[in-house]
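The values are calculated or read from the model by the stated rules, or taken from the named source; none is laboratory data. Keep in mind that this is a model prediction, so the values were computed, not measured. Cβ atoms come from the backbone with ideal geometry, glycine included; neighbour counts cover every protein chain shown.
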Amino acid sequence: MKQVKEALYNILFGPSQPSFLSPSSSSATITSAATSLGIPPEALSNLTSHSIHALENLSSFVPHPGSESCSSSVPAYRRAAVLLGLFSGRNGELYVILSKRSSRLRSHGGDTAIPGGRFEPTDPSLEYTARREAYEEIGLPIDPDKAVKLCQLPPFLSANELVVTPYVVFITDHTIQPHLNPREVDSIFSLPLVSFLYHNPPRDLRRSLKLASVPDPEALRYMPLNEVSPISDWHTCRDIIWLGGHRIRRHTFWDERNPIRGLTSDILIFAAMIAYAESPQFSLESQGQPTQSHLIKLAFDSPLALKMSRVKPRMQFLKSPDAFNFTKSYQTTTTTTRTTTTNYEWEQPQDENPHFPLAPTINYDTDQNSVISKSKL
């Protein structure tokens, strides 16, 4: 019976040895990477060569010039930033730090998030916004020597229509102790970055994700419906209808501590694609789905934008943060607090909006381009 189960597993989910596991890096590789990344060699010593190469890919990434199609149309009060913090985890893998929003919040309480929030008038740049918010929420260091910037990702549009710019950093100080703000965060946890490329993770990765070595058929019966992908106990997706009636695919990853969905999933998938230079194992977008750049343009620079109600500006005359550089000394700000505490929920990028209607189920007879083939690892 065990052999039958293993044979079935290999047919459905591929070989047990994932591509991300590779031998530990040589001293020459570590020295070279440390020089190019500006990271101390000892901070890289536990990473596999594959993980180090992922850091190098992120470090060399530059967003396309047109990744934000209407930057002048997005006011400062509609901008936010998040800090995607990576660190060296078990087995030399790159892990990403995630937080669980406080369950006491009236809106989206308990959701998984990447630390971050809205741009404030005293922030010298969006990068600083991401660092400040991560420090205030969970205690990640503002010091750029302890959280070394790898890259800036293109902006994403959140469900509450904030333009969110992610910054990817590598945590070099392994002695950092998290300090959670209980008003904002209930807990933090971490996951392998590579896991956001998988629909059905290989066996060794399943162990890191605390999934059963072989998916339980009985448990799979209770998983949410998938739009186009085969059944899975890790990843599901559904399409919603958003701006202008466009069909948008939303992904959910079912971690045992808290699901990762919506905007957070989109950012993590994109970061993993850049890091590992691989496409995800699942169908990423719905057929004809607008790019993030197009969604931002629809929200802020189109006839549709003029018809939609907006949150009343509280920083109408604030200069756009894109004009600033990250120059402010971190020492002068480690004791600062949020300028206003009454609008925290309003300030945070939202993953999902419960009022978004689900898209009609895809007709597999007429929309074959939307159906993916069996995943191959």
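Here's a check for you: in region 68-93, which residue that is closer than 15 Å to residue 168 by Cβ and within 17 Å of the chain's Cα centre (by Cα) is surrounded by the most Cβ atoms within 10 Å (Cβ to Cβ)?
Of everything passing the filter in region 68-93, 81 is surrounded by the most Cβ atoms within 10 Å (Cβ to Cβ).
Can you pull out the residues in region 124-134 that are buried (at least 24 other Cβ atoms within 10 Å of the Cβ) and either in contact (Cβ under 8 Å) with a residue 60 or more places away in the chain or not in a helix (DSSP H, G or I) (or both)?
Within region 124-134, 126, 128, 129, 131, 132 qualify.
Looking only at region 107-120, filter to residues that are outside any loop (DSSP other than H, G, I, E, B) and among the small types (Gly, Ala, Ser); which one of those is nearest to residue 187 (Cα to Cα)?
Among them, the one singled out is 113.
Taking region 189-222 on its own, how many of its residues are touching a strand residue (DSSP E or B) at 6+ places or on another chain (Cβ under 6 Å) and either over 27 Å from residue 115 (Cα atoms) or in a helix (DSSP H, G or I) (or both)?
The qualifying residues number 2.
Looking at region 68-90, is at least one residue out of contact with any strand residue (DSSP E or B) (no Cβ under 7 Å at 6 or more places or on another chain), farther than 22 Å from residue 262 by Cα, free of Cβ contacts under 8 Å to residues at least 12 places away in the same chain and of a type in the set (Gly, Ala, Ser)?
No, the conditions are met nowhere in region 68-90.
Test residue 261 against the stated conditions and say whether it is crowded, with 19+ Cβ neighbours inside 10 Å, under 13 Å from the mean Cα position of the chain (by Cα) and basic (Lys, Arg).
Spelling it out, residue 261 is indeed crowded, with 19+ Cβ neighbours inside 10 Å, under 13 Å from the mean Cα position of the chain (by Cα) and basic (Lys, Arg).
Between 248, 260, 269, 231, which is in contact with a Leu (Cβ under 6 Å, 6 or more places away or on another chain) and among the β-branched types (Val, Ile, Thr)?
Testing whether each residue is in contact with a Leu (Cβ under 6 Å, 6 or more places away or on another chain) and among the β-branched types (Val, Ile, Thr) leaves just 231.
Using beta carbons and a limit of 7 Å, which pairs, at least six apart or on different chains, have the first residue in region 225-240 and more than 23 Å from residue 208 (Cα to Cα) and the second one aromatic (Phe, Trp, Tyr)?
240/356
Please specify each residue of region 136-153 satisfying the condition of being surrounded by 19 or more Cβ atoms within 10 Å (Cβ to Cβ) and either of a type outside the set (D, E, K, R) or on the phi > 0 side of the Ramachandran plot (or both).
138, 140, 141, 142, 147, 148, 150, 151, 153
For region 29-48, enumerate the residues that are under 23 Å from residue 270 (Cβ atoms), outside any loop (DSSP other than H, G, I, E, B) and not β-branched (Val, Ile, Thr).
33, 36, 37 - these are the residues of region 29-48 that are under 23 Å from residue 270 (Cβ atoms), outside any loop (DSSP other than H, G, I, E, B) and not β-branched (Val, Ile, Thr).
A quick yes/no check of all residues on (1) closer than 25 Å to residue 68 by Cβ; (2) touching a Phe, Trp or Tyr at 6+ places or on another chain (Cβ under 8 Å); (3) not in a loop (DSSP other than H, G, I, E, B):
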position: 122; (1), (2), (3): yes, no, no
position: 143; (1), (2), (3): no, yes, no
position: 148; (1), (2), (3): yes, yes, yes
position: 177; (1), (2), (3): no, no, no
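Does residue 27 satisfy the criteria of being modelled with pLDDT of 80 or more, among the hydroxyl-bearing types (Ser, Thr, Tyr) and in contact with a Ser or Thr (Cβ under 8 Å, 6 or more places away or on another chain)?
no
Just need a number here: residues in region 267-296 that are charged (D, E, K, R) and either in contact with an Asp or Glu (Cβ under 9 Å, 6 or more places away or on another chain) or under 11 Å from residue 197 (Cα atoms) (or both).
Within region 267-296, residues that are charged (D, E, K, R) and either in contact with an Asp or Glu (Cβ under 9 Å, 6 or more places away or on another chain) or under 11 Å from residue 197 (Cα atoms) (or both) number 1.
Condition first: among the charged types (D, E, K, R) and touching an Asp or Glu at 6+ places or on another chain (Cβ under 7 Å). Can you find one or more residues in region 205-213 that meet it?
yes
Mind listing just one residue for me: the one in region 195-239 that is crowded, with 17+ Cβ neighbours inside 10 Å, within 17 Å of residue 251 (Cα to Cα) and over 19 Å from the mean Cα position of the chain (by Cα) and, of those, modelled with the lowest pLDDT?
Here the residue is 227.
Residue by residue, here is whether (1) modelled with pLDDT of 95 or more; (2) over 23 Å from residue 274 (Cβ atoms); (3) not in a loop (DSSP other than H, G, I, E, B); (4) not aliphatic (A, V, I, L, M) holds:
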position	(1), (2), (3), (4)
65	no, no, no, yes
68	no, no, no, yes
77	no, yes, yes, yes
136	yes, yes, yes, yes
